[in-house]
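Notes follow once the structure below has been shown.
The values are calculated or read from the model by the stated rules, or taken from the named source; none is laboratory data. None of the values given here were measured: they were computed from a predicted structure. No Cβ is skipped: glycine too gets one built from the backbone with ideal geometry, and neighbour counts run over all protein chains shown.
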Amino acid sequence: MARVGRWIRRVLDRPGSVDLAPYQRVVAEAAALEDEVRGRDDLRPPDAGPAWVGTADFCAVVREAARRALGQRPFDVQLTGVLAMLDGHVVQMATGEGKTLVGAMTAAGYALRGSRVHAVSVNDYLARRDAEWMGPLYDLLGLTAGWVAEGSTAGERREAYAKDVTYAAVSELGFDVLRDRVCVDPADLVTPPPRVALVDEADSVLVDEARVPLVLAGAADPGTALPEMAALVRRLSRGYHYTIDEEGRNVFLTPKGTDTVEKALGIDLYEHPGVVTQVNLALHAQALLTRDVDYIVRDGRVHLVNASRGRVAMLQRWPDGLQAAVEAKERLPASETGEILDSLTIQSLIRRYPRICGMTGTALAVADQLREFYDLRVAVIPPNRPCVRVDEPDRIYPTAEAKEQALLDEIETRHATGRPVLVGTLDVAESERLDEALRGRGLRPVVLNAKNDAEEAAIIARAGERGALTVSTQMAGRGTDIRLGGGDPEQEAEVAALGGLYVIGTGRHESSRLDDQLRGRAGRQGDPGGSVFLVSGEDHLLTAYAPDDALPPADPDGVVRDGRAGLLVAHAQRVAEGVNLEIHRNTWRYTRALEKQRAEILERRDRVLHGDAGAEALRIACPGRYRELEETAGEETVSRAARQIVLFHIDRCWTEHLGFLSDLREGIHLRALGRLNPLDEFNREAVPAYRAMLDEIERRSKETFEKADLSRDLAEQGLKRPTATWTYLVQDNPFGSEWDRVLKRVAGMLKRGRR
Ligand code: ADP
Ligand code: MG
């Protein structure tokens, strides 16, 4: 019976969207109140308690506040979105529908209910832009808003977090949480307890970036031997000494290569697994990572390029070994290597909030993930004006070369009409190739690559002008509106008459959501517009995720028109999405085990930091010593020292435990091949290791306490914390973890299985 119930729920829930009718009724009532509210001096009624938020009067009031403060009267659909978000849903609203305002009205609602709101952005630029843009609205409602960005000082952060609404990039929020976790003085804490997270570009943050770990590292000794390793592999040649697999994700030494390396190092590689790792890293850096595509070198440092986003990822680095190998390859001094003090995935960061809501142009396609990982539901809000964009069917070509020719012709023809053209590429390398080819034809495209966010926003804002030709990687999460005519009303009419913005995708993404985000750039707010994607049988999507040779043949003019081709593309996308979901699920299973332990240790740590738990523990563990010190140094001093000692060992042991778990997790996949369930295996060892860690904290604390000299600085007596800490995001290992590779191989088998 329960099964049937579940089945019915599934069917009724399809397509997984929240019923809007109750919200629409409230919004309709709000319309009737508009005139009366317009006449009010003081907008909020005097008896507006928490229950008032979400009523028709509330809607009428925030609408009027937006009109007065920003000169924009929120549309009914925007108010509908606000109500859905106040209920803790993720709203799907297309690009250009005014989600910034929807988010602000929602945040104001939560704040009026008495909850502090963190408005989560994708980058610093947008956090600041939105906080400043929406500032007058909050003001008028008697609320305060602030923002946090990379350069903010601890004082500025504390001040921003004290506001009713704080805008911040997801990474900054996470870094603040991480830094607070190693705080030894309550006065240094920055972040308030989490209450409401309001997430912009929710699918990107909650699903695509969910697995990205934010890391707090502390200075440690740099590695050695890397420059020699880099010099050694520089002398090796592809094909002879090593080979690269077809996906460009793996590199293998040939027997000849192994021989050469062993001779050069004078050792037998089999007996030195550590050296094998170093050779491998050096070889990966040398053969698989390309300068100016995967990374750039600027100011003597390696900066990663986030290929799918097409921008320099300032805060990111690869896992330490690989980062150092690339630095050695470029003959740069090794940047500081650090020990990971603690880390936190974006998913864990957001799940700390008891209330989560969000907004994005594409949520429905990830409704299952949002429910599975965050228990969130999606509300699909209709557009304010119907969308009249013309989405042409994909144009499919047998080869990459044929596609490229067609692409250039298409761009040239469209551009010649004066219609603004936006070309979306799959990665930075492609943008650059395309730029060169277009210049070869005498065109002058504007390429959005690795520029800073503010500059980018200015360029995007002009992408709708007459004759604009813009090439960009990944439009999702860029947050800037493309208005026809760039905001000039006269030109707007002219550009509209030409057909509006035309979007050309140079290939379908691994996820149809990203396709939709790109398309959605055209046809905003009922504007005319068009879109088309070009696909070739040699695109990565098809070679990786579709059966080989399954593409029907082309017509004599070189275009594949057989209807099965489109189905094939859709199938490949589904396989790719399935693989990515499985990777996400799997990471989450491990993270969850770790999260439980982390929550527990943090609770203990808090009791030590804010209370007397440290002193209590040591008083019981070493009663004689405690009394003795109390008599000589005084109660206050002993209690402070006890706190410092226990906090130090908690942090130290946790760091070591994390290192142990990460090794355990990497190693466990090898056992998976031995048919043991890797997660069970992981838990079997992680749980006792955690208990052992608790004992170790106690043992070390006692030991330090017994011999500590309280008249001297404890840091000099072995309690030395890292001299410097810094934060970064780990970019997914570009070659995937061992487990990711296993899954990709499974995808490969699925794909072959369908042949
Ligand atoms: P989204 O994030 O949904 O893509 P934005 O929040 O960037 O959209 O808003 C797009 C544009 O629409 C902005 O220029 C904004 O000023 C405008 N806008 C939003 N709401 C309204 C409204 N109710 N009336 C008029 N213009 C609006
Ligand atoms: Mg936006």
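Every condition in (1) small (Gly, Ala, Ser); (2) in contact with a strand residue (DSSP E or B) (Cβ under 6 Å, 6 or more places away or on another chain); (3) part of a loop (DSSP other than H, G, I, E, B) is met by residue 431 except one, and the failing one is (3).
The listed residues are 343, 335, 348, and the only one of them that is assigned to a loop (DSSP other than H, G, I, E, B) and among the small types (Gly, Ala, Ser) turns out to be 335.
In region 100-123, the residues that are more than 16 Å from ligand 2 (Cβ to nearest atom) reach residues that are at pLDDT below 95 and part of a helix (DSSP H, G or I) with C-beta atoms within less than 8 angstrom, at least six apart or across chains, in these pairs: 112/50; 113/50; 114/50.
Can you tell me which residue is nearest to the chain's Cα centre (by Cα) among those in region 260-282 that are at pLDDT below 80 and under 18 Å from residue 322 (Cβ atoms)? Among them, the one singled out is 281. The single residue among 500, 563, 558 that is touching a helix residue (DSSP H, G or I) at 6+ places or on another chain (Cβ under 7 Å) and surrounded by fewer than 17 Cβ atoms within 10 Å (Cβ to Cβ) turns out to be 558. Among the residues of region 73-82, some residue qualifies, meaning at least one is aromatic (Phe, Trp, Tyr) and either closer than 19 Å to residue 19 by Cβ or surrounded by fewer than 24 Cβ atoms within 10 Å (Cβ to Cβ) (or both). The number of residues in region 695-721 being assigned to a helix (DSSP H, G or I) and without any contact (Cβ under 8 Å) to a residue 40 or more places away in the chain comes to 7.
Output the number of residues of region 166-192 satisfying the condition of being within 21 Å of residue 138 (Cβ to Cβ) and more than 16 Å from ligand 2 (Cβ to nearest atom). The number of residues fulfilling the criteria is 5. Being modelled with pLDDT under 95, of a type outside the set (A, V, I, L, M, F, W, C) and either touching a strand residue (DSSP E or B) at 6+ places or on another chain (Cβ under 8 Å) or over 28 Å from residue 382 (Cα atoms) (or both) is a property that residue 543 has. Hey, does region 84-105 have a residue that's among the β-branched types (Val, Ile, Thr), within 12 Å of ligand 1 (Cβ to nearest atom) and either farther than 21 Å from residue 139 by Cα or outside any helix (DSSP H, G or I) (or both)? Checked region 84-105: at least one residue is among the β-branched types (Val, Ile, Thr), within 12 Å of ligand 1 (Cβ to nearest atom) and either farther than 21 Å from residue 139 by Cα or outside any helix (DSSP H, G or I) (or both). Among strands (runs of 3 or more DSSP E) entirely within region 448-536, having at least 3 residues that are in contact with a Lys or Arg (Cβ under 6 Å, 6 or more places away or on another chain) and touching a residue at least 12 places away in the same chain (Cβ under 8 Å) singles out 529-536.
Residue count for region 660-689 satisfying the condition of being among the small types (Gly, Ala, Ser) and modelled with pLDDT under 80: 4.
Scanning region 522-567 for residues that are touching a Leu at 6+ places or on another chain (Cβ under 6 Å) and within 16 Å of ligand 1 (Cβ to nearest atom) turns up 522, 527, 529. For region 187-202, which positions are outside any loop (DSSP other than H, G, I, E, B), touching a residue at least 24 places away in the same chain (Cβ under 8 Å) and more than 16 Å from ligand 1 (Cβ to nearest atom)? 188, 196, 197 - these are the residues of region 187-202 that are outside any loop (DSSP other than H, G, I, E, B), touching a residue at least 24 places away in the same chain (Cβ under 8 Å) and more than 16 Å from ligand 1 (Cβ to nearest atom). When residues in region 229-251 are screened for being modelled with pLDDT of 75 or more and either surrounded by 14 or more Cβ atoms within 10 Å (Cβ to Cβ) or in a loop (DSSP other than H, G, I, E, B) (or both), 15 of them pass. Inclusion of residue 198 among residues that are surrounded by 18 or more Cβ atoms within 10 Å (Cβ to Cβ) and within 16 Å of ligand 2 (Cβ to nearest atom) is warranted.
The residues of region 346-363 that are hydrophobic (A, V, I, L, M, F, W, C) and within 16 Å of ligand 1 (Cβ to nearest atom), listed by number, are 357, 359, 363. Among the residues of region 126-145, those identified as within 22 Å of the chain's Cα centre (by Cα) and either away from ligand 1 (no atom under 13 Å from the Cβ) or assigned to a strand (DSSP E or B) (or both) are 127, 128, 131.
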